[in-house]
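Q: Mind looking over this structure? Questions follow.
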Number of protein chains: 4
Amino acid sequence: MRAAIVGASGYVGGELLRLLLHHPHVQVVAATSERFAGRYVHSVHPNLRGRTALQFSSIADLPETDVLFLCLPHGQAARRMDEFARLASIVVDCSADFRLRDPDWHARWYDAETRADEWRARFVYGLPELTRDALHGARYISGVGCNATAVNLALLPLARAGLIERVVADVKVGSSEAGARATDASHHPERAGAVRSFAPVGHRHQAEIVQALNIPAEALFFSATAVEMVRGVLATCHVFLNADLTDRDLWRLYRAAYANEPFIRLVKSRTGLYRYPEPKIVAGTNYCDIGWELDDHGRRLVVISAIDNLMKGAAGSAVQSLNVACGWDECAGLDFVGLHP
Amino acid sequence: MRAAIVGASGYVGGELLRLLLHHPHVQVVAATSERFAGRYVHSVHPNLRGRTALQFSSIADLPETDVLFLCLPHGQAARRMDEFARLASIVVDCSADFRLRDPDWHARWYDAETRADEWRARFVYGLPELTRDALHGARYISGVGCNATAVNLALLPLARAGLIERVVADVKVGSSEAGARATDASHHPERAGAVRSFAPVGHRHQAEIVQALNIPAEALFFSATAVEMVRGVLATCHVFLNADLTDRDLWRLYRAAYANEPFIRLVKSRTGLYRYPEPKIVAGTNYCDIGWELDDHGRRLVVISAIDNLMKGAAGSAVQSLNVACGWDECAGLDFVGLHP
Amino acid sequence: MRAAIVGASGYVGGELLRLLLHHPHVQVVAATSERFAGRYVHSVHPNLRGRTALQFSSIADLPETDVLFLCLPHGQAARRMDEFARLASIVVDCSADFRLRDPDWHARWYDAETRADEWRARFVYGLPELTRDALHGARYISGVGCNATAVNLALLPLARAGLIERVVADVKVGSSEAGARATDASHHPERAGAVRSFAPVGHRHQAEIVQALNIPAEALFFSATAVEMVRGVLATCHVFLNADLTDRDLWRLYRAAYANEPFIRLVKSRTGLYRYPEPKIVAGTNYCDIGWELDDHGRRLVVISAIDNLMKGAAGSAVQSLNVACGWDECAGLDFVGLHP
Amino acid sequence: MRAAIVGASGYVGGELLRLLLHHPHVQVVAATSERFAGRYVHSVHPNLRGRTALQFSSIADLPETDVLFLCLPHGQAARRMDEFARLASIVVDCSADFRLRDPDWHARWYDAETRADEWRARFVYGLPELTRDALHGARYISGVGCNATAVNLALLPLARAGLIERVVADVKVGSSEAGARATDASHHPERAGAVRSFAPVGHRHQAEIVQALNIPAEALFFSATAVEMVRGVLATCHVFLNADLTDRDLWRLYRAAYANEPFIRLVKSRTGLYRYPEPKIVAGTNYCDIGWELDDHGRRLVVISAIDNLMKGAAGSAVQSLNVACGWDECAGLDFVGLHP
């Protein structure tokens, strides 16, 4: 299958290149970047040196392909979707443009100009653990938000069982989440060593969580803190349950939900250094590691999940969704194990 | 005033040395370390090279002094308090031995063997913002827990006003919090880049928070995550209020509580890179920076505080408390500004 | 082919597990660790969770296998080589025991007790770029030193051409180089942020460099500095040449030497952020990236090389050498691309 | 004495503010920044919050003062020196404009347009260890280059004794060296974890070293590598001596040169974790720590020095020079001890 990546000089685009250049069923035929058109992709993504002689091209020169991955800034996919749909039979959009099903919600959390109602209705949210059935044969697949994904996968079994009364999701994120463009806030002397509360309230990924978990918006509280890390999200979800649960109940619930999921691992050990999920262990992989601990008083449950924001939180889920849509091995191209130490 | 530091090779002991060697009213006459006795203090604390010719000595050789700072592992201060009290007229204990007023609580959260009821009753908790009046003229001063202090100072104005219904305190901490002894968990290849949920539930500092804020134990939920940082605590306190408050109310409340506090700064800006408190900005200083943001739905308030765990969370508060106890300028020896970047 | 890893709880052993568990021609049947015997390998190497159900076993229980990888502390392979040779037809020793061909040199740089002259003579140094011919069909393969490898690959083309008059190799290394055992020096608060000159002179890898490059010992000067990094070596080799060379000469020389090497990339760009080799770009991969710059005065040439000390500097070269020895695809099991960012 | 800082929003300007706001003989009356004019200095330098109510102003509004510190980009001080000289009786320029005495050298290494020959002749190079006598009563003081200073102080005793045949200076530097402006290269995901050879040859600080050490340009080889650090320079100086020296000779030489220097410490221990100089130990201080080790073969000597590039490498030396020029205590305003850990 021939694939093109639009907006390939960014971090999600680069990650898609890394995955697809070694994918057994995909051949990358184009990678666009208006800024770097004409330059080798390895001049921007130095890890790809020696792996491909591909050069960045312009969107204007995109050939027809079987699948198009869109990694453009917010709003552009929605605005140019007609054009993109003519270029490929399958479109995977990694932006936030088509994540929210409800156009009114999209208008409220993003903007009204990119409602694109008719297109929105055709997109399937690309999180196989949530939407696998709908993804089979899907032609229009929406990417996922990284923070939202960490929280969603942490809480899905609880939400489906109707157990969540209220949840405070406190996520810790790396610097790659903000993208490849340098800003004053990303300047190394300022960002290094930071433990920076950049979104204590009001983060837009809340909408995606409420949609995925199907809980009342009033039940979710979300805060994000940037920490010294490049890749990764750790979500600490403080859940107030509406029923008394034991640790055994939780094992049963999570195992039932995730036993057959190839990219979800339950991590909850009594010994060792890595007793709970950690982002650095999943860096570069498509895993979402999940663990938990019950508080001894009240009905608080702490669910902890770790993902690589560029992988399970973006490019990895996109490729996994494509694998499902095409009926391929769901793990194709996603076999990297991760490093220790 | 002549001072001795017991257990001076650890990080809190080293910080006390740094502060007291330049304190206008204190002269350090002894610094003990059984492990390093006979060696120069700068061989362990290389920042002090050229500042002092002091050598570590043994507790057995402690002279009588005016004030004794104890920085021993848990339990030792309580067990040897009679001995130490004979050596100095003022004792400041930086361990957890005398932090909890209620002996039963101490027995429950720590152990029954170090109840030391009669000594416990004589100790004043060394957090001037909370106990300034009691500290005047105090002879026995207890140190504070670092995580507890970040949470306590963040919430004190709300707690005093009876506004806290429930709080989830999610703290991010640096590696110096675990002390100067190497462990498998502190081995650099394992600890570097970690975002590690090491105490999702059950952390002992909860007891200190409940005591300081005077809230029901059931209203407090506490989790701690280790991040890539050496010094520092960031506390993200998700507070569910029992009344509707505006941002203006909060400014009024916090200003009323803290306007005259020399080491508390309210940090809440609409622009700039440092809009909320950050640990790296207060590293080495005795500041506690505090900011907040109201959630637009529900009655959630996010209060953010940052301290240096070795300073305001330990040695800094100890020196500040001594300053109060002795009637000196409360800021004496604590004037370091902090660095940027 | 059935393989066992002896000393598999360390970092090189863990890396071998990562590589061999996905190697097309190898099946890992045992991984020993006296300390962790009976525990799952993923309890120590959390990245392997879900990839293997293997448990650590004791050396005493080692089955006969086709190939044995030894990752033991210095001296043990030499002392127990008879025993290990009975257990497998191929032995790859990752320690320093058999790296130096000359027993006297080994005695001088390491110790006389592990000369093991007869075994020493049978070992081939496992750096395919240097010893590929000898590795074909080899049964006893010695591992390589990480720092030595970074320098050797940087300088091999110059050395073979007899161009080196004198070289100052200044290497910057990550913390994993010191192994998996916690020490005072590896304690995170001490090691974090360090730029620490730990071996300004006298590093033992010098012997390996002199041997590989076949230059006079007096021509090599070597210093090592630990920097804030877990994996990686950057070697800055300041070469004083005995002939005038142009940049074009150097391209010709290095291309001639390395054009067919699957794991060597020449990195020397005029633009972009990654103009020269960088360790973080090769982390987890078997690449050695090499670049250079001629000084405008004198005959100094700066050659820069980057490797992952656990990969090209240890486990990666070991597996590559086994691939050569067995006549397999030299890249088998070594296909990870590396990450950006 | 009334002081103004021109270009105070940068890192050297911020450091001067930190130092001068607590200097016993200086009162800061203006701090200019065209970009941030009208905003509080603490909005850019958050460490100064609560320490000053100063706001940035424009150069156009500069009052007359006693001393003017210039922290402008290269070329501006030279171009506007007449104007600045009218505003203050003492001018300390922290840029590179007046560092090189020889106008031809300046023209060669920087540019001919900023020769400013007549002003150049009036400036004294602001490194008290080198130029203390000339600094007494000086009115025009040039700042120093950070990398140059680390190398100069490391080698000054050797150079004065005429012992240097050839030196390879390999410096490791932090990210603050590149200034406060965000660039693609300083974007955190790209810069974090870097060990990046950014100036293997051709660095302009070479000129400053050759001038200070008074050695032939051909004897100096200089390379710079960026490492994961914000503040700091470690210089590893590989010196080839023209005479046989013992360690005792070196102690004698360095002690003779530096025994009375308040900001130079000799760091060379046989035990402990900090046996040689380290940048993190001097962060925020005005110290230059210096150590060395003799190679056992040849006549190579490795001299290691560590400074904070913003302090001894810029603002600290500037303030120290002013102290000398004015006849004040040379350490005034420079008493910060540094932190451990």
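Q: Kindly provide the set of residues from the stretch B:180-193 that are within 23 Å of the chain's Cα centre (by Cα) and among the aliphatic types (A, V, I, L, M), ordered by number.
A: Hits for the stretch B:180-193 are B:Ala180, B:Ala182, B:Ala185.
Q: Would you call A:Glu165 without any contact (Cβ under 8 Å) to a residue 60 or more places away in the chain and among the acidic types (Asp, Glu)?
A: Answer is no for this residue.
Q: Next question, about the same structure. Hey, does the stretch A:124-137 have a residue that's assigned by TED's automatic domain parsing to the domain that holds A:Leu250, more than 30 Å from D:His187 (Cα to Cα) and surrounded by fewer than 19 Cβ atoms within 10 Å (Cβ to Cβ)?
A: The answer is no, given that none of the residues of the stretch A:124-137 is assigned by TED's automatic domain parsing to the domain that holds A:Leu250, more than 30 Å from D:His187 (Cα to Cα) and surrounded by fewer than 19 Cβ atoms within 10 Å (Cβ to Cβ).
Q: Does the stretch C:99-116 contain at least one residue that is touching a strand residue (DSSP E or B) at 6+ places or on another chain (Cβ under 9 Å), within 21 Å of C:Val233 (Cα to Cα) and in a strand (DSSP E or B)?
A: no
Q: Name every residue in the stretch B:39-51 that is assigned to a helix (DSSP H, G or I), closer than 11 Å to B:Ala8 by Cβ and either out of contact with any Phe, Trp or Tyr (no Cβ under 7 Å at 6 or more places or on another chain) or without any contact (Cβ under 8 Å) to a residue 24 or more places away in the chain (or both), in order of residue number.
A: B:Leu48
Q: Has the stretch B:53-62 got any residue that is open to solvent by less than 60 Å² (accessible area, probe 1.4 Å) and within 14 Å of chain D (Cβ to nearest Cβ)?
A: Yes, some residue in the stretch B:53-62 is open to solvent by less than 60 Å² (accessible area, probe 1.4 Å) and within 14 Å of chain D (Cβ to nearest Cβ).
Q: Would you check if A:Thr225 is polar (S, T, N, Q), farther than 19 Å from B:Glu278 by Cα and in a strand (DSSP E or B)?
A: Values: polar (S, T, N, Q): yes; farther than 19 Å from B:Glu278 by Cα: no; in a strand (DSSP E or B): yes.
No, not satisfied.
Q: Are any residues in the stretch B:165-196 outside any strand (DSSP E or B), acidic (Asp, Glu) and at the interface with chain A (Cβ under 10 Å from one of its Cβ atoms), and if so, which ones?
A: Restricting attention to the stretch B:165-196, the residues satisfying the condition of being outside any strand (DSSP E or B) are B:174-186, B:188-195.
Those still in the list that are acidic (Asp, Glu) too: B:177, B:184, B:190.
Those that are outside any strand (DSSP E or B), acidic (Asp, Glu) and at the interface with chain A (Cβ under 10 Å from one of its Cβ atoms): B:Asp184, B:Glu190.
Q: Check D:Ser176, D:Ser186 and return the single one that is polar (S, T, N, Q) and free of Cβ contacts under 8 Å to residues at least 40 places away in the same chain.
A: D:Ser186
Q: If you go through the stretch D:243-254 one residue at a time, how many are exposed (fewer than 12 other Cβ atoms within 10 Å of the Cβ) and of a type outside the set (A, V, I, L, M, F, W, C)?
A: Residues in the stretch D:243-254 being exposed (fewer than 12 other Cβ atoms within 10 Å of the Cβ) and of a type outside the set (A, V, I, L, M, F, W, C): 3 in total.
Q: Can I ask one more? Counting just the residues of the stretch D:52-92 that are under 19 Å from D:Gly14 (Cβ atoms) and in a helix (DSSP H, G or I), which one comes out farthest from the chain's Cα centre (by Cα)?
A: Within the stretch D:52-92, the match that is farthest from the chain's Cα centre (by Cα) is D:Ile59.
Q: So for the stretch C:330-341 (the condition being buried (at least 18 other Cβ atoms within 10 Å of the Cβ), among the aromatic types (Phe, Trp, Tyr) and not assigned by TED's automatic domain parsing to the domain that holds C:Val195), does at least one residue qualify?
A: Yes, some residue in the stretch C:330-341 is buried (at least 18 other Cβ atoms within 10 Å of the Cβ), among the aromatic types (Phe, Trp, Tyr) and not assigned by TED's automatic domain parsing to the domain that holds C:Val195.
Q: When you scan the stretch B:308-315, do you find a residue that is outside the structural domain of B:Leu241 (by TED's automatic domain parsing), surrounded by fewer than 24 Cβ atoms within 10 Å (Cβ to Cβ) and touching a strand residue (DSSP E or B) at 6+ places or on another chain (Cβ under 9 Å), even just one?
A: No, there is no match, as no residue in the stretch B:308-315 is outside the structural domain of B:Leu241 (by TED's automatic domain parsing), surrounded by fewer than 24 Cβ atoms within 10 Å (Cβ to Cβ) and touching a strand residue (DSSP E or B) at 6+ places or on another chain (Cβ under 9 Å).
Q: For the condition open to solvent by less than 10 Å² (accessible area, probe 1.4 Å), small (Gly, Ala, Ser) and facing chain D (nearest Cβ under 10 Å), what is the one hit in C:Ala207, C:Ala224?
A: Values: C:Ala207 fails: facing chain D (nearest Cβ under 10 Å).
None of the other options fit; the residue is C:Ala224.
Q: Filter the stretch C:1-38 for residues that are in a strand (DSSP E or B) and of a type in the set (S, T, N, Q); which is most open to solvent (accessible area, probe 1.4 Å)?
A: C:Gln27
Q: Output the number of the condition that A:Leu234 fails; it satisfies all remaining conditions of (1) of a type outside the set (Phe, Trp, Tyr); (2) within 14 Å of chain B (Cβ to nearest Cβ); (3) over 17 Å from the mean Cα position of the chain (by Cα); (4) within 21 Å of A:Arg166 (Cβ to Cβ).
A: (3)
Q: I'd like to check something: does the stretch B:316-329 contain any residue that is under 19 Å from B:Ala154 (Cβ atoms), in contact with a Gly (Cβ under 7 Å, 6 or more places away or on another chain) and not basic (Lys, Arg)?
A: Checking the stretch B:316-329: at least one residue is under 19 Å from B:Ala154 (Cβ atoms), in contact with a Gly (Cβ under 7 Å, 6 or more places away or on another chain) and not basic (Lys, Arg).
Q: In the stretch B:115-137, how many are of a type in the set (A, V, I, L, M, F, W, C) and in contact with a Leu (Cβ under 7 Å, 6 or more places away or on another chain)?
A: Matching residues across the stretch B:115-137 total 2.
Q: Something else now. Counting only residues that are buried (at least 21 other Cβ atoms within 10 Å of the Cβ) and of a type in the set (Lys, Arg), how many does the stretch A:146-187 have?
A: 2
Q: Is it true that D:Ser43 is of a type outside the set (Val, Ile, Thr), within 22 Å of the chain's Cα centre (by Cα), open to solvent by less than 50 Å² (accessible area, probe 1.4 Å) and more than 13 Å from D:Ala3 (Cα to Cα)?
A: So D:Ser43 fails the test.
The values are calculated or read from the model by the stated rules, or taken from the named source; none is laboratory data. For clarity, every value in this text was computed on a predicted model and none was experimentally measured. As a convention, Cβ positions derive from the backbone with ideal geometry for all residues, glycine included, and neighbour counts pool all protein chains shown. These area figures cover heavy atoms from the full protein model, side chains too; ligands, DNA and RNA do not enter into them. Shrake-Rupley method; radii C 1.70, N 1.55, O 1.52, S 1.80 Å.
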